[in-house]
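Asker: Okay, handing you the structure first.
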Amino acid sequence: MYYTPAPKEPEDVIIQVEASTVTVRDCLLCRGIGIDKARYPFTPGCEIVGTIADLGGKAKLEGWRIGDRVVAFDHTKGGGNAKSAKVHMGNISMISTTIDAASAACLVDVYMSAYKALRLGKKDGMPLTGRKILITDGFSPIGQAVVALAKLEGANIFVTASDSSEQEYMSSLGVKCFPLSPTKWLHKVAGKMDVVIDNTCIDSYESSWEAVSPEGVLVCTTGMTSTLNFRHDEFGEGCASGCADAFGLNIPKYRSKWAAMKAKYLMSNTQFLDLTECLTTDPKGYQQELKYLCFLVESGALVPKVAERIQIEEVADAHRYLETGKSNGTIVCVPNDNS
């Protein structure tokens, strides 16, 4: 038996879920790791595709109607890995009625983050044709999304990857691969990259910043989609246990906050990407860019990387698999898929 929520506040929107993502962000929220914190009990699934089944009075006044097909995301409340989800009207956007639900779920955050990161890296909106782009953790969902979109513009793409199997796969996509550790690639690219998209925050963006050319741009993402959050590795950043010090302080949390502040206010030639802020401050812009990504998918120019489609009952197993770092693409929960 599944619980069906009802709108309690005027801004509430109830979505009948067609598809939702299963991501590293969900794993972190369930464990209580990172800057973003979820209130418990917590249902994972931060990106949702579905149709409006019910809504509050204010949402109706804003023009939303039962039957509208929408996407939604909330990086702290989740709720998507279910048959029905309750979201705030400010976190939803219209979506094409014809696009595949699993593909659309990948666009909501992963491919939108990649698209916006590339836009931030452009000079005066010029195409990236022939430009050198470096993406850290290129095997991650966002990393592969950046690769796919940058290839459409003819960029010269470089990525970092953690092991030989990831490097072999990324090389098959036609990109140049480096090991993950900055000590093994920075001396080769220092000051040479036109755009660097840091998807990991391994060393508080320091090595990525050094790789940028004098006229280039560093784009910093939140790093919440990287499996490095679970690895006790040579960088000292992975921390599945919470990493509290002797005084009970969550060291990775404060390290992440400091890295974000440094990227926003102290580092030159640097842009910091916060997709939640993009949606809340410019919802019309987000919706228009989402339309463009849907167009690319429906025209066949872009194929979102779906690692696996699973049922609700398989979400916990998917979390364990995600923490191994072996998932190739985005795992999508499709609650009503009987195939």
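Asker: Would you compute the Debye intensity of segment 3-70 from its alpha-carbon atoms alone, equal scatterers and no solvent, and pass along log10 I(q)/I(0) at q = 0.23 Å⁻¹ to two decimals?
Answerer: Here log10 of I(q) over I(0) equals -1.00.
Asker: Can I ask one more? Counting Lys +1, Arg +1, Asp -1, Glu -1, what net charge surrounds ALA19 among other residues with beta carbon under 15 Å of its beta carbon?
Answerer: With Lys, Arg at +1 and Asp, Glu at -1, the net is -4.
Asker: Using the Karplus curve 6.51 cos²θ - 1.76 cosθ + 1.60 with θ = phi - 60°, work out ³J(HN,Hα) for each residue of segment 191-206 in order, rounded to whole Hz, and write x for Gly and Pro.
Answerer: Residue by residue, segment 191-206 yields x, 10, 8, 6, 9, 10, 10, 8, 10, 10, 6, 4, 10, 6, 6, 5 Hz.
Asker: Let me ask something additional. Cα to Cα, under 13 Å, and not fewer than 8 places away if on the same chain: which aspartates and glutamates meet these conditions relative to LYS192?
Answerer: Partners within reach: GLU210, GLU215.
Asker: Further question: Mind scanning LYS284/LYS305; LYS176/LYS326; LYS116/LYS188 and naming the pairs with a C-alpha gap bigger than 24 Å?
Answerer: Cα-Cα > 24 Å for LYS284/LYS305; LYS116/LYS188; rest within.
Asker: If the reach is capped at under 16 angstrom between alpha carbons, list the aspartates and glutamates near LYS77, excluding any in the same chain fewer than eight residues apart.
Answerer: GLU9, GLU11, ASP12, ASP26, ASP36, GLU47, ASP109, GLU277
Asker: Further question: Once you have the Cα-Cα distance between TYR40 and ALA6, take 0.36 nm times their residue separation minus that, and quote the gain in nm to one decimal.
Answerer: Computed gain between TYR40 and ALA6 is 10.4 nm.
Asker: Then there is this: In the chain, if every C-alpha pair distance is counted and binned at 10 Å from zero, what percent goes to each bin?
Answerer: Distribution as computed: 6, 26, 35, 24, 8, 1 percent.
Asker: Grab the other residues whose beta carbon is less than 15 angstrom from that of LEU55, score K and R as +1, D and E as -1, and report the net. Numbers along the way, then the final one.
Answerer: Numbers: positive: LYS8, LYS58, LYS60, ARG65, ARG69, LYS86; negative: GLU9, GLU11, ASP12, ASP54, GLU62, ASP68.
Residues close to LEU55 contribute a combined charge of 0.
Asker: Which residues in segment 99-137 have a backbone N closer than 19 Å to a point placed 7 Å from the Cα of LYS192 along the Cα-to-Cβ line?
Answerer: Zone members listed by number: 129-137.
Asker: Right, something else. Just to confirm the number: angle between the C-alpha axis of helix 141-152 and the first principal axis of the chain, 0 to 90 degrees, nearest 10?
Answerer: Helix 141-152 sits at roughly 70 degrees to that axis.
Asker: For the chain, with a Gaussian network of springs between Cα atoms less than 10 Å apart, report the residue from ALA105, ALA307, ALA72 with the top mean-square fluctuation.
Answerer: ALA307
Asker: So how far apart, in nm, are the two label points at GLN288 and LYS122 if each is 7 Å from Cα heading toward Cβ?
Answerer: Rounded to a tenth, the inter-label distance reads 1.2 nm.
Asker: So for each of 40-51, 159-170 I average, over its residues, the number of other beta carbons within 10 Å; can you give me the resulting order with the highest mean first?
Answerer: 40-51, 159-170
Asker: When only Cα pairs under 8 Å and 6 or more residues apart are kept, what is the percent relative contact order across the chain?
Answerer: That works out to 20 percent.
Asker: Please list the non-local residues whose amide H lies under 5 Å from the amide H of GLN271, H modeled 1.01 Å from N, same-chain partners needing a gap of 5 or more.
Answerer: LEU218, VAL219, CYS220
Asker: A follow-up question, please. I need ARG31, ARG131 ordered by Cβ neighbour count within 10 Å, fewest first.
Answerer: Ranking ARG31, ARG131 by Cβ neighbours within 10 Å, fewest first, gives ARG31, ARG131.
Each reported figure results from applying straightforward, stated rules to the coordinates on display, with no laboratory input. Small disclaimer: the values here were computed from a predicted structure and weren't measured. Neighbour counts are summed over all protein chains in view; Cβ atoms, including those assigned to glycine, are modelled from backbone coordinates with ideal geometry.
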